[in-house]
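Encoded as structure tokens, the structure appears first; notes follow it.
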Amino acid sequence: MNPSDNLHPASGSFWNDTGKSGISSWIFSTDHKRIGLLYFWSVLSFFLVAVVLGLLLRIELMAPGRTIMGPETYNALFTVHGAVMVFLFIIPGFPGAFGNLVMPIQIGARDVSFPRLNLFSWWLYMIGAAVIIIALFTGGGPPDTGWTFYVPFSARTGTNVSVAVFGVFIVGFSSIVTGVNFVTTIHRLRAPGMSWDRLPLFVWSLYATAWVQILATPILGITLVLIIAERVLGVGLFDPMKGGDPVMYQHLFWIYSHPAVYIMILPAMGVISEIIPVFSRKPVFGYKMIAFSSIAIAAAGSLVWGHHMFTSGISDRAILIFSFLTFVVAIPSAIKVFNWVSTLYRGSISLEAPMLYALSFILLFSIGGLTGLILGAAATDIHVHDTHFVVGHFHYVIFGGSGFALFGAMHYWLPKFYGRKYAEKPALIAWALLFVGFNITYFSMMVLGMKGMPRRYYDYLPEFAPLNLVSTMGSWILAVGLVLMLVNLIRGLRSGEPVGNNPWGGATLEWTIPSPPPTENFSEEPVVTHGPYDFSKAGKP
Amino acid sequence: MTEASHHIISYRKLSAVWGLLLLLTAATVLITRLDLGPYKIVGALSIACIKSGLVIAIFMHMKYEGRLLRILLFVALVTLAIFIGFTFFDVLYR
């Protein structure tokens, strides 16, 4: 299950201080750190599978015409790539893995409020994932609808949509359960002195995310059940011939799936808000505004779903309102970016691996966010809708943003839980490869989209060939960087240099306890006397 | 909160609510036969709201619950109302 099981002789750490042994000490553990690591390795495995699919898609697009696969296979691959990345990697990635690992310690708690429910959420996630995998190899084969499952195609295609959608439905419940657990934990289990204005910003971002998980995910569940009803019973909810409305499906789908991108990006912003002050040795600039902007993004971001539908035939008035609200979301996002940059200003910056990922996050997320406004403005959206511009924009936000933040979090927090650290130099080389490869791959896509290359086609006109070749080359650099990063990280966690309690000089609570932490986290309940970024009171690295 | 208030509702009251729900169901069917234009859906949804309100308040005991639970339910309902309301920016003006 885990590459470094049984490698930690340090007695009293959560690695060896359990009543059970072997695999059952993991898959039946209610310890938030073990569940966090279960989530982390499961999520990472699905990520790698989806990365391979993404690389295959890029190889197909390397040259015009059929390169390695036909149109049906291409449709299935981009569907599975998207569905696995979204539902099995990046949505559970932050709350499930790093939320579980870090959040209870950051608020000074021994565990989450409902440890068994926490374990149940991982089981739901794995069962849902198993159902999705079964869907790929049974029935009519893997779904070919795109990860959005748009009707009428999803109601008619002969591929195994019903089973896949049912799997996503189960995974959705795991997300709701985690949300309920985190809201309760953050309300009820904060240590004495851990007031709301001393809460680490990562916890604030998880809190905002948890509310989105609770309030929006049920709508995804309902929508997916309606697809199954449409396919199995032919109820006609989305079929105009029977009095239904296909656009209604898009409303329902995006009511969840737009807020879902905030489930992906908000905790990533929280990670960045943790890393930047620590590696600038300076209190975060505008703590309250960063905390408040997380809530504002979660609230405003839940009301902008219509911007996915500007060309679907919704009313002009709706376009106006959704376009306006989309621009409103840019305000709290910009507040965060400006506050991070202000934190850097005159800080004592050290460019170690987590910080490099955080700095590239600021750049890549800003590009992704601002290209989002091009799509959010109805006039420009009509030109670039459903082109590769959208693909480039989305990957800048979710890979350049959330993905890079996750890599940053892996370098920043995993040493805490393994008690050992990766080698710095390969980490820097891997970062450079990832950064260069990323920009070559996805910037080319945005240019291609501007030139009019549509997305979701396995073939294209000859004039798009040079940039597609460049993009595919970029994806290989990206892949090499990814492999180097993971090999270096995993080797470091297995046999790297041991780290002390506080390798980075952080001021949040997780750096006050041993690495790896004991099972109960704190030997006695901590009393919080200073803010999360008050470095004058924290230990030196 | 929940443990403290084991409120028992009489059969008479429960039956009355049940009867009212049946009447409202009949009203839902009847309203489809009236020519109300776009207001038909407002009418149908209003009746549905009253019905679910009765079920939540009486059958699900929300009327006798503590404030926290009521606030939580209220937040969820307001969210749902906003989602449905915003969808009508599209549906009503197409």
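The values are calculated or read from the model by the stated rules, or taken from the named source; none is laboratory data. These numbers were taken from a predicted model, which means no experiment stands behind them. Cβ coordinates were reconstructed from backbone atoms using ideal geometry, including for glycine residues, and neighbour counts include every protein chain displayed.
One table, with the values for the structure above:
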read-out	value
Any hit, the stretch A:448-459, residues being more than 29 Å from A:SER366 (Cβ to Cβ) and touching a Gly at 6+ places or on another chain (Cβ under 9 Å)	yes
Which numbered condition A:ARG281 misses (of (1) surrounded by 23 or more Cβ atoms within 10 Å (Cβ to Cβ); (2) more than 10 Å from every other protein chain (Cβ to nearest Cβ))	(1)
A:SER175 within 15 Å of A:GLY301 (Cβ to Cβ), at pLDDT 95 or above, within 16 Å of the chain's Cα centre (by Cα) and part of a helix (DSSP H, G or I)	no
Selection status of A:LEU414, in a helix (DSSP H, G or I), under 30 Å from A:SER515 (Cβ atoms) and either touching a residue at least 40 places away in the same chain (Cβ under 8 Å) or out of contact with any Phe, Trp or Tyr (no Cβ under 6 Å at 6 or more places or on another chain) (or both)	yes
Test for A:PHE310: is it assigned to a loop (DSSP other than H, G, I, E, B) and within 14 Å of chain B (Cβ to nearest Cβ)	yes
Residue within the stretch B:22-31 that is more than 14 Å from every other protein chain (Cβ to nearest Cβ), more than 19 Å from A:LEU252 (Cβ to Cβ), outside any loop (DSSP other than H, G, I, E, B) and small (Gly, Ala, Ser) present	yes
Selection from the stretch B:44-94 of residues that are exposed (fewer than 13 other Cβ atoms within 10 Å of the Cβ) and touching a residue at least 60 places away in the same chain (Cβ under 8 Å)	B:GLY66, B:LEU68
Breaking point among (1) in contact (Cβ under 8 Å) with a residue 40 or more places away in the chain; (2) buried (at least 21 other Cβ atoms within 10 Å of the Cβ), for A:ILE490	(2)
Residues that are assigned to a loop (DSSP other than H, G, I, E, B) and within 19 Å of B:LEU80 (Cβ to Cβ), drawn from the stretch A:210-244	A:LEU237
Subset of the stretch A:211-239 (residues that are within 13 Å of chain B (Cβ to nearest Cβ) and not hydroxyl-bearing (Ser, Thr, Tyr))	A:TRP211, A:VAL212, A:GLN213, A:ILE214, A:LEU215, A:ALA216, A:PRO218, A:ILE219, A:LEU220, A:ILE222
Test result for B:VAL55, of a type outside the set (Phe, Trp, Tyr) and within 24 Å of A:PRO218 (Cβ to Cβ)	yes
Residue check for B:ILE9: over 13 Å from the mean Cα position of the chain (by Cα) and either on the phi > 0 side of the Ramachandran plot or of a type outside the set (Asp, Glu) (or both)	yes
Any chance A:LEU320 is of a type in the set (A, V, I, L, M) and surrounded by fewer than 20 Cβ atoms within 10 Å (Cβ to Cβ)	yes
Test: residue in the stretch A:63-80 that is crowded, with 24+ Cβ neighbours inside 10 Å and β-branched (Val, Ile, Thr)	yes
Close pairs from the stretch A:98-117: first surrounded by fewer than 23 Cβ atoms within 10 Å (Cβ to Cβ), partner outside any helix (DSSP H, G or I) and polar (S, T, N, Q), Cβ under 8 Å, at least 6 apart	A:ARG110/A:ASN521; A:ASP111/A:THR30; A:ASP111/A:ASN521; A:PRO115/A:THR30; A:ARG116/A:THR30
Count - residues of the stretch A:384-410 that are in contact with a Phe, Trp or Tyr (Cβ under 9 Å, 6 or more places away or on another chain), closer than 25 Å to A:GLY313 by Cβ and not hydrophobic (A, V, I, L, M, F, W, C)	3
Single unsatisfied condition, A:ALA298 versus (1) farther than 19 Å from A:ILE398 by Cα; (2) buried (at least 23 other Cβ atoms within 10 Å of the Cβ); (3) of a type in the set (A, V, I, L, M, F, W, C); (4) within 14 Å of another protein chain (Cβ to nearest Cβ)	(1)
Filtered residues of the stretch B:74-92 (kept if among the aromatic types (Phe, Trp, Tyr) and within 8 Å of another protein chain (Cβ to nearest Cβ))	B:PHE83, B:PHE86, B:PHE89
Selection status of A:ARG317, away from chain B (no Cβ under 11 Å) and charged (D, E, K, R)	no
Unmet criterion (only one of (1) touching a residue at least 40 places away in the same chain (Cβ under 8 Å); (2) in a helix (DSSP H, G or I)) for A:THR380	(1)
